[in-house]
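Since the structure comes first, as structure tokens, the remarks are kept for the end.
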There are 2 protein chains.
Amino acid sequence: MNVSTNIKIDEDMKYHKIPDETIRRMPMYLRALSLLEQDACQTISSRQLAQQLHLNPPQIRKDLSYFGAFGKRGIGYPVQSTVQQIRKILKLDGTQSAALIGAGRLGTAIAAYPGFSVFGFEVASIFDIAPKKIGKKIGAMTVEDAADLDTLKKRKIRLAILAVPAEAAQSCAEALVQAGVKGILNLSPSCLAVPRRVKVVTIDIAMALGVLPYYM
Amino acid sequence: MNVSTNIKIDEDMKYHKIPDETIRRMPMYLRALSLLEQDACQTISSRQLAQQLHLNPPQIRKDLSYFGAFGKRGIGYPVQSTVQQIRKILKLDGTQSAALIGAGRLGTAIAAYPGFSVFGFEVASIFDIAPKKIGKKIGAMTVEDAADLDTLKKRKIRLAILAVPAEAAQSCAEALVQAGVKGILNLSPSCLAVPRRVKVVTIDIAMALGVLPYYM
DNA sequence: TATTGTTTGTGAATGTGAGTACAAATATCA
DNA sequence: TGATATTTGTACTCACATTCACAAACAATA
């Protein structure tokens, strides 16, 4: 029933479907290795790294091996070049500009958050719908009118952070998709409906808190 | 185990090991059903709920059935009583007081976040280490000295939200454990080491953003 | 050089979760 | 009442993810 070319390509290119869970862990590795790089650490073994991240060594080795053989047997992984490799894999080499939607308390906190730089992200512009907030300064940026979201296309910004109330999230998401955005980090407690080509990651703080009492 | 909780639920929990993924989804169901309850919706089918949450109907049925048979065949799930059941399961009946550590921008945003009330959470007190911030008013609360974290034991607060820089996170976590805290929502990009009896959930915003370019 | 100790990369085994299919239960309507 | 449509609960199957176990590769040292 299936096409033989697919199989052949799979064999020839040693194609493996990379688990989503592996992708989810890659930024962990990138951050940890970046810190080690700053400390002038040359190499690190999967055992040491696993200790830091509370993971099992074989997990780390398998994750990294999906993308090639970065390590050296008897030695470990070379910190600097592995950082570069992971950056390439995650498409985080070079600066990634992101638009921030929502200039409320959460949006303001996100705009000032220093933790994005490890991954090469920068918040390039801030939007809000409230006339009171438009024109206001947040750090070095001026809040723009959310009605002008379509300018993102010209500016080639394809990444957005959505920090608006749940009621506004879906309509914002649609405007972002219209503006050519390809990835959305949704910080509102809502389930966004977007075309399949657009990737959404939702962080719901209250929901994360919601599981804690169960385990206590 | 606790004898005062619903006996039937405890019995069911003995015989089935409930998947962590199921627990993770329960707050989703709780939120969605709470909204439906506000709209005076009497019952909802797994199909309708799945459509809202972008899940498969059998997934929802299986998740709920771990805790008993809440639904009625041919009808669906009674909204009101299922909400109450899930609250009981997640130990979210009654108000859950949480301490917020860190009165920076993110902490301030968290303190004012309205989304906790659906689950019965309330931020009961705010702590910081910076002398400048101690004594400051945030909403109706006064920022307390993080050196006094041990007062949480007396106040019987067993839940904490950690909104401090990564460098301070581990020492804060240790102080919280010392103060009898049993669950920590960690909002810093750090991997906390705590005794096994303490449950930690970490939300790393930059890391969540870090996977997006890969999929674009 | 030979030996010992360390570490990676990976096939195999194990464990966990998701999807499918269907019987049982209920409502609706002719 | 009988027939049809709807929906739950669950056994079974399949897919995905983690862990184990070990050969291959390298360093260090005598």
For B:Asp20, inter-copy label-point distances (7 Å, Cα→Cβ), nm, shortest first, read 1.6
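Using a ≥ b ≥ c from the Cα gyration tensor of region A:53-176 (square roots of the eigenvalues), is it rounded, prolate or oblate, where a/c under 1.5 gives rounded and otherwise the larger of a/b and b/c decides, a/b for prolate? Please list the in-between numbers first.
Working: a/c = 2.73, a/b = 2.66, b/c = 1.03.
Because a/c hits 1.5 or more and a/b exceeds b/c, region A:53-176 counts as prolate.
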For chain A, longest principal axis from Cα atoms; helix A:79-89 axis from its Cα atoms; angle between them, nearest 10 degrees, is 60
Expected vector for region A:17-23, Karplus 3J(HN,Hα) from phi with 6.51, -1.76, 1.60 and θ = phi - 60°, integer Hz, x for Gly and Pro, equals 6, 7, x, 4, 5, 5, 4
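Of A:Lys137/B:Lys132; B:Lys72/B:Lys156; A:Lys88/B:Lys62, which ones are farther than 29 Å apart at the Cα? Write out the running numbers ahead of the final one.
Numbers: A:Lys137/B:Lys132 24 Å; B:Lys72/B:Lys156 39 Å; A:Lys88/B:Lys62 40 Å.
Violating the 29 Å Cα-Cα cut-off are B:Lys72/B:Lys156; A:Lys88/B:Lys62.
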With the label set 7 Å along Cα→Cβ, A:Ala124 is separated from its counterparts in the other copies, in nm and shortest first, by 4.6
With all protein chains in place and a 1.4 Å probe, B:Met28 shows an accessible area in Å² (nearest 10) of 40
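Take the solvent-accessible surface of the protein heavy atoms, probe 1.4 Å, and return the percent of it on chain B that carbon and sulfur atoms account for.
On the way: 5870 of 11230 Å².
Reported share for carbon and sulfur atoms: 52 percent.
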The ³J(HN,Hα) series, computed from each phi in region B:197-205 with the Karplus coefficients 6.51, -1.76 and 1.60 at θ = phi - 60°, rounded to the nearest Hz and given as x for glycine or proline, is 5, 9, 9, 10, 10, 9, 10, 10, 4
Scalar couplings 3J(HN,Hα) for region A:50-55 by Karplus 6.51 cos²θ - 1.76 cosθ + 1.60 (θ = phi - 60°), nearest whole Hz, x for Gly and Pro, are 4, 4, 4, 9, 6, 10
The size of the Cβ-based charge dipole (Lys, Arg +1; Asp, Glu -1) of the protein assembly as shown about the Cα centre, to the nearest 20 debye, is 500
Under 5 Å from the placed amide H of B:Thr202, counting only residues 5+ away or on other chains, we find B:Asn186
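If I take every Cα pair under 8 Å that is 6 or more residues apart in region A:4-89, average their sequence separation and divide by the length, what percent do I get for the relative contact order?
On the way: 59 pairs, mean separation 29.3, N = 86.
After rounding, I find 34 percent.
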For B:Lys17, counting only aspartates and glutamates whose alpha-carbon sits under 18 Å away and dropping same-chain residues fewer than eight positions off, the answer is B:Asp63
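Can you work out the FRET efficiency for the pair B:Glu167 and A:Phe70, with r the C-beta to C-beta distance and R0 = 25 Å, to the nearest 0.05?
Numbers: r = 28 Å, r/R0 = 1.13.
It comes to 0.30.
If you take the accessible area of A alone plus B alone and subtract the pair, what total do you get in square angstrom, rounded to 100, with a 1.4 Å probe?
On the way: alone 14290 and 13790 Å², together 22950 Å².
Its buried surface, counting both partners, is about 5100 Å².
Please tell me the relative contact order of region A:61-173 in percent, rounded to the nearest whole number, where contacts are Cα pairs under 8 Å and at least six residues apart. Can you show the working numbers first?
Numbers: 133 pairs, mean separation 28.5, N = 113.
This gives 25 percent for region A:61-173.
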P(r) of chain B over all Cα-Cα pairs, 5 Å bins starting at 0, rounded to whole percent, reads 1, 6, 13, 15, 16, 15, 13, 11, 7, 3, 1, 0, 0
Inter-copy distances for A:Asp145, label 7 Å out on the Cα-Cβ vector, sorted ascending, nm, one decimal, are 5.1
Row for the protein assembly as shown, column shape: gyration tensor on C-alpha, a ≥ b ≥ c, rounded if a/c < 1.5 i.e. under 1.5, prolate if a/b over b/c, else oblate; value rounded
Region B:26-44 and region A:39-71 have their Cα centres apart by a whole-number Å value of 43
Rounded to the nearest 5, the percent of DSSP beta bridges in chain B running antiparallel is 20
With -39,500 (n - 2.57) per DSSP H segment of 4 or more residues and division by the full residue count of chain B, the 222 nm estimate, nearest 500 deg cm²/dmol, is -12000 deg cm²/dmol
So, relative contact order of chain B in percent, Cα under 8 Å, 6 or more apart, is 14
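The values are calculated or read from the model by the stated rules, or taken from the named source; none is laboratory data. Every value quoted in this text rests on a predicted model; they were computed, and no experiment measured them. Glycine also receives a Cβ, built like all others from the backbone with ideal geometry; neighbour counts cover every protein chain displayed. To get the accessible areas, we keep the full protein, side chains included, count just its heavy atoms, and leave off ligands, DNA and RNA. Shrake-Rupley method; radii C 1.70, N 1.55, O 1.52, S 1.80 Å.
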